[in-house]
Every structure is written in C-alpha cells, then in structure tokens.
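Comments concern the structure below.
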Amino acid sequence: MLQKYRKYLCVLVVGLSASALYGAYSEIIIDFFQPPDLVEMFRTGTPTPQEIEVAVRAGADVNAKDNAGRTPLMFAVESSERARLILLLLDAGADAAVRNNGGRRAIDMIAGFGSLRGTEALRRLEAASRE
C-alpha cells in the first residue's frame, strides 16, 4: 500500500526540504490525487523557481494550456523572473514550439522584453522554438 503513494511522499519531503533550504516559511499543500496546475499558479501570481521545482517533481504538466492556449512557458516570458523561469521550464521539458490560440509561441511574445537580450535563456528559447 505504501508503495502506491511513495512518489507523493518523496515529493512532500523534497518540498519541505526546499522550503527549509531557502529559509522561507511556506505552506506546502500537496493534493495526493492531482498534480499541481502550473497554469493556475501563474494566473494567480508568479510562482518562485522553488515552487515550480516542487510542482514539477509532483508531476505538474509543463505544457498545460489555459483557455487561450497559453502555457507556463508563455506566462514565464512575461514574469519579472523571466530568465530563471524560462530555463527552469525548458529543463523540465517545456515545449517551446507550442502555439497559443492566436498562433503565437513563447519566443513570439518575448519581443518587448529587451532584458533577455544576450542571455542563456533567450538562446535556449530560440533554439527550442526551432526544433
């Protein structure tokens, strides 16, 4: 019986350890029947890199879409920590070639953000968008 929930228990321990490691108190609630929703996390405010790491370990879909077809990677492009979040999501397997309902990819949404010019995040996003 315990074997069935082993993955979730490991995620809980990792999540609690991550919170202690970063020195911030945070409540971690893990729904044992449904992985976290990254799209919802971005819609309610920009999640921290640590929160995204915990969500990914808990089985969150990095390519989930909202009603407009926006993915977590598209939300990350518009966040204040865009470079870190883009790299984190790409490392977790986010598909940069996915298009929203308007036909735009994450790379197409980045034009107005000059702060990424010359960064590893932009290079990797451009390369992943070509694949």
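Bear in mind that the values in this text are calculations on the coordinates, not laboratory data. Note that the structure is a prediction, hence the values are computed from the model and not measured. Don't worry about glycine lacking a Cβ; one is built from the backbone with ideal geometry, like all the others, and counts go over all protein chains shown.
Based on the alpha-carbon gyration tensor of region 82-131 and its eigenvalue square roots a ≥ b ≥ c, which shape applies: rounded if a/c is under 1.5, prolate if not and a/b is larger than b/c, or oblate?
Verdict is oblate for region 82-131.
What trypsin sites (Lys or Arg not before Pro) does region 40-131 have in DSSP loop regions with at most 10 other beta carbons within 10 Å?
Here the sparse-neighbourhood loop sites are Arg117.
Stretched out fully, how many nm does the piece from Asp95 to Leu116 gain, at 0.36 nm a residue minus the Cα gap?
Result for the pair: 5.7 nm of gain on full extension.
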